[in-house]
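Here's the structure, in structure tokens; my notes come after.
The values are calculated or read from the model by the stated rules, or taken from the named source; none is laboratory data. Quick caveat: nothing in here was measured; it's all calculated off a predicted structure. Glycine gets a Cβ as well: all are built from the backbone with ideal geometry, and neighbour counts include every protein chain shown. Only protein heavy atoms, including side chains, enter the accessible area calculation; ligands, DNA and RNA are left aside. Shrake-Rupley method; radii C 1.70, N 1.55, O 1.52, S 1.80 Å.
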Amino acid sequence: MVPHIRPALLDQWLQHCAQQAPGVTPIVLDVREPWEFATASVKPQGFELKHMPMASIPGRLHEIPRDRPIACLCHHGGRSAQVAAFLHRQGYADVVNIAGGIHAWAVERDPSVPQY
């Protein structure tokens, strides 16, 4: 089972990642559609932001590093949970889902992120 974290706890997850793998930058994998990403996006702080729409993931799996922690993000957390589970089944060991998605991110972490 893939763990879920709330946006409010992302800093704790990032600290945990830094302790487990010093010098390795975690990835927040935004799996929303391009129009959603253009509407609202997060600011990379302590992580690399990678945008890859959900439907493109299987064909672009080679672009997602297996040796870095990955937190999947979507609008409310449903699509990202599916992608996180898919990555886990593909052998990605360090994957979490950001529960509540970018909507919760705007509420809990950064109110400057537009809600839609």
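The residues of region 20-72 expose, per residue, 50 Å² of accessible area to a 1.4 Å probe. Based on Cα contacts under 8 Å between residues 6+ apart, the chain shows a relative contact order of 34 percent.
The local environment of LEU87, defined by Cβ-Cβ distances under 15 Å, has a net charge of +2 under the rule Lys, Arg +1 and Asp, Glu -1. What is the antiparallel percent of DSSP beta bridges lying wholly in the chain, to the nearest 5? Just about 0 percent of them are antiparallel. Taking label points 7 Å from Cα along the Cα-to-Cβ direction, GLU108 and ALA55 give a separation of 2.9 nm. For the listed peptides 26-35, 105-114, a ranking on the average number of other beta carbons within 10 Å per residue, highest first, reads 26-35, 105-114. For LEU9, neighbours were defined as the other residues whose beta-carbon sits under 11 Å from its Cβ, and their charges (Lys and Arg +1, Asp and Glu -1) total 0.
Can you classify the chain as rounded, prolate or oblate using the Cα gyration tensor, where a ≥ b ≥ c are the square roots of its eigenvalues, rounded means a/c under 1.5, and otherwise it's prolate if a/b beats b/c and oblate if not? The shape class here is oblate. This model, with +1 at the C-beta of Lys and Arg and -1 at the C-beta of Asp and Glu, gives the chain a dipole about its Cα centre of some 180 debye. Heavy-atom surface analysis with a 1.4 Å probe gives the chain a carbon and sulfur content of 55 percent of its accessible area.
Build a GNM of the chain with springs between Cα atoms under 10 Å apart, and of ALA55, ALA99, ALA81 the one that fluctuates most is ALA55.
Net charge in the neighbourhood of GLN45 (other residues with Cβ under 12 Å of its Cβ; Lys, Arg +1, Asp, Glu -1) is -1. A Gaussian network model of the chain, with springs between Cα atoms under 10 Å, assigns the largest mean-square fluctuation among VAL96, VAL24, VAL42 to VAL24.
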